[in-house]
Amino acid sequence: MRTIIIAANWKMNTTPADAGALAAEIAAATEAPDVTRVICPPYVCLAPVRDALEGTGAAVGAQNVHVLDGGAFTGEISAAMLRGLVTWCIVGHSERRRDQCETDDLVGRKVARCLESGLRPIWCVGEQLDDREAGRAEEVVREQVSRALTAGGLANGELGKSIVIAYEPVWAIGTGRTARGADASAMADAIRGALEANGWTHEQAEAIPVLYGGSVTAASIGEFLAEPAIDGALVGGASLKPAEMAGIVARAATAAQARREAVRQP
Ligand code: 13P
């Protein structure tokens, strides 16, 4: 059974002065042993958030990592520098693909770098609105998965078993629009199918958690968690609000319990 994961992507919000208190407040409002909670603040807030989350069961993640471990790359942060600060890392977020021109090749190599460095990558994929309107959404996402797996040398599912994939339709990010639960579920199947098409076994592909991301709130999360193929959410704007996070994680805890019972009584 796959665990349910709720990851908070704080994007370029909070400062070292206030991030620790916000993280502590969210951790206290979201206690749920069956739900994996991850908070991804900006780099400069990682240390205060790590300290604030100590003993809470919530984990810390970075929002990006460089593909190399060091060198002349002004302004960049490597996996080696993240050691001791985070155990998770978002990779290939659509805002980085858009603003930093990250390609599937680079994203795949970053996913591989995370795995080599012992970080759990939250690898983001998702289509643009015109792809969806043209009926190409699944094809585009399958291509994203294939290209990144090839570039990262990840045709062996055993190597990639700690990967988490976040399906984030670009048109649903920061817009208040969300995909339907059924669309997200179909995409999760397409993603796992793409893993299999690239050399993973069926069991390895089925073991990978797929999260939904795109304007998720306490009010909208239920539709996604009602889908057995969806294993949680990557939350943006709402993840800065403790009350929203409390609602999202509470719903996730209910879903985790229902899934556990379904396994016990097939
Ligand atoms: P919003 O929830 O603000 O739409 O952001 C989603 C996202 O990009 C999470 O990574």
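The values are calculated or read from the model by the stated rules, or taken from the named source; none is laboratory data. Bear in mind that the values here come from a model prediction, so they are computed numbers and not experimental data. Positions of Cβ are backbone-derived with ideal geometry, glycine not excepted, and every protein chain shown enters the neighbour counts.
Annotations for the structure displayed:
- Residue under evaluation residue 81, criteria (1) within 16 Å of the ligand (Cβ to nearest atom); (2) under 16 Å from residue 62 (Cα atoms), criterion not met: (1)
- Apart from one condition, residue 169 fits all of (1) more than 14 Å from the ligand (Cβ to nearest atom); (2) in contact with a Gly (Cβ under 6 Å, 6 or more places away or on another chain); (3) of a type outside the set (A, V, I, L, M, F, W, C); the exception is (1).
- Residues (touching a Leu at 6+ places or on another chain (Cβ under 8 Å) and among the β-branched types (Val, Ile, Thr)) located in region 177-218: 208, 216
- Among the residues of region 80-125, those identified as surrounded by fewer than 18 Cβ atoms within 10 Å (Cβ to Cβ) and outside any helix (DSSP H, G or I) are 83, 84, 85, 87, 100, 101, 103, 117, 118.
- Candidates 204, 257, 265, filtered to the one that is modelled with pLDDT under 95 and either of a type outside the set (Asp, Glu) or buried (at least 18 other Cβ atoms within 10 Å of the Cβ) (or both): 265
- When region 191-230 is limited to residues that are among the polar types (S, T, N, Q) and under 20 Å from residue 127 (Cβ atoms), the one that is nearest to the ligand (Cβ to nearest atom) turns out to be 215.
- Of the residues making up region 230-243, those that are touching a residue at least 24 places away in the same chain (Cβ under 8 Å) and either part of a helix (DSSP H, G or I) or surrounded by fewer than 21 Cβ atoms within 10 Å (Cβ to Cβ) (or both) number 5.
- For region 23-79, residues that are part of a loop (DSSP other than H, G, I, E, B), surrounded by fewer than 23 Cβ atoms within 10 Å (Cβ to Cβ), in contact (Cβ under 8 Å) with a residue 24 or more places away in the chain and β-branched (Val, Ile, Thr) total 3.
- Single unsatisfied condition, residue 174 versus (1) in contact (Cβ under 8 Å) with a residue 60 or more places away in the chain; (2) in contact with a Leu (Cβ under 8 Å, 6 or more places away or on another chain): (2)
- Residues considered: 136, 180, 142. Of these, the only one that is at pLDDT 95 or above, buried (at least 19 other Cβ atoms within 10 Å of the Cβ) and more than 26 Å from residue 86 (Cα to Cα) is 142.
- Residue among 243, 250, 218 that alone is among the small types (Gly, Ala, Ser) and under 18 Å from the mean Cα position of the chain (by Cα): 218
- Within region 8-17, the set of residues being within 16 Å of the ligand (Cβ to nearest atom) and either surrounded by fewer than 24 Cβ atoms within 10 Å (Cβ to Cβ) or over 13 Å from residue 90 (Cβ atoms) (or both) comprises 10, 11, 12, 13, 14.
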